[in-house]
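Below is one structure, written out as structure tokens; the observations come after it.
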Amino acid sequence: MEPVDLIGSFETRNFPSFRNPTIDTLNWGRHRHHIPILVEIDVTAARAAIHALKVKMGKGISFTGWIVKCLAQAVSEHKYVHALRNGKRQLVIFDDVDVSIVIERAVAGEKLPMPYIIRKANEKTLARIHAEIRTAQTSPVEVETVQLGSTQTAWLTQIFMLLPQFVRDLLFWQPLFRDPFRIKRMMGTVSVTAVGMFGGGGMSWGIPIGIHPLLIAVGGIAKRPGVIDNRMEIREYVGMTVMFDHDVTDGAPVARFMKRLQELMTSGYGLETAPMGDIHDPIDPQIEA
């Protein structure tokens, strides 16, 4: 009797070195004192406005870009939520809101999630944020690139990724965490991750791990009954997870920030009044860096 093959067919590949920075971020992120908040936000008005603009302009508007616009405005009004520690006795509270998003790009036949930083997102129109995201999605990407729009040379990035973890920690990560200004230059202060595509068309949440003082995971969108002017209506809600660094801020400031973010998103902030005439115009992301 032939022995049963318990393994089956398979292939082996070299572990990709570009995964090392992600692993580093996850390892260091676990040391952060992040507190998660899971919310559902009514985006019915926003979704209707986005659909109307798509009909008018002929192309869609980035839902993630609109969330970045609302988020940057709320952070600019409640700056403590993206503060960074400077040693043990100081906090650095920035005026500019630099938002890091993840864009999937194909490099050498592999689809890779790459961070891209939208600088001064609180000062930009929705049209400009949208155009910047579209440019980042289509601009050429060199092999060994790990961050879109970065000025760091590819060969230096490749050397970094091949170093042992303890060397990367010693030469890069430990000095980085001692310098809040370097953190802001290299990574921004707010991180947004869209995980809604994994929700299967229903409500979903993600619990992100990262090193930013403010982490946002945008989940799935679902239709739910809601009460509007004492009437029951079918509304659209997006699931969002907000992670804030308890080392730099507390529940009450975060609650005020969350209230403002919910107001902006529920009202469709930036969709009705923003000049959208330049929505198709690509821009060079290096201009904003």
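The values are calculated or read from the model by the stated rules, or taken from the named source; none is laboratory data. Since the structure is predicted, the reported quantities are computational estimates derived from the model, not experimental observations. We place every Cβ from the backbone using ideal geometry, glycine too, and count neighbours over all the protein chains shown. For accessibility, only protein heavy atoms count, side chains too; no ligands or nucleic acids. Shrake-Rupley method; radii C 1.70, N 1.55, O 1.52, S 1.80 Å.
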Name the residues in the range 244-283 that are modelled with pLDDT of 90 or more and small (Gly, Ala, Ser), would you? ALA255, SER267, GLY268
Among the candidates THR145, THR153, THR189, THR157, which residue alone is open to solvent by less than 30 Å² (accessible area, probe 1.4 Å) and modelled with pLDDT under 75? THR157
For the range 81-116, give me each residue that is of a type in the set (Gly, Ala, Ser), modelled with pLDDT under 90 and not in a strand (DSSP E or B). GLY87, ALA108, GLY109
Check ILE50 against each of (1) at pLDDT 90 or above; (2) within 22 Å of ALA194 (Cβ to Cβ) and name the one condition it does not meet. (1)
For ALA194, are the conditions met, namely being exposed (fewer than 15 other Cβ atoms within 10 Å of the Cβ), modelled with pLDDT under 90 and hydrophobic (A, V, I, L, M, F, W, C)? no
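Table: residues versus (1) under 30 Å from PHE172 (Cα atoms); (2) without any contact (Cβ under 8 Å) to a residue 12 or more places away in the chain.
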{"site": "GLU11", "(1), (2)": "no, yes"}
{"site": "PRO16", "(1), (2)": "yes, no"}
{"site": "PRO21", "(1), (2)": "yes, no"}
{"site": "ASP24", "(1), (2)": "yes, no"}
{"site": "GLY29", "(1), (2)": "yes, no"}
{"site": "PRO36", "(1), (2)": "yes, no"}
{"site": "GLU40", "(1), (2)": "no, no"}
{"site": "ALA45", "(1), (2)": "no, no"}
{"site": "LEU53", "(1), (2)": "no, no"}
Here is a list: ARG182, ARG231. Which entry is open to solvent by 30 Å² or more (accessible area, probe 1.4 Å), free of Cβ contacts under 8 Å to residues at least 24 places away in the same chain, within 21 Å of the chain's Cα centre (by Cα) and more than 20 Å from GLY65 (Cα to Cα)? ARG182
Regarding the range 242-249, can at least one residue be identified that is touching a residue at least 40 places away in the same chain (Cβ under 8 Å) and open to solvent by 40 Å² or more (accessible area, probe 1.4 Å)? yes
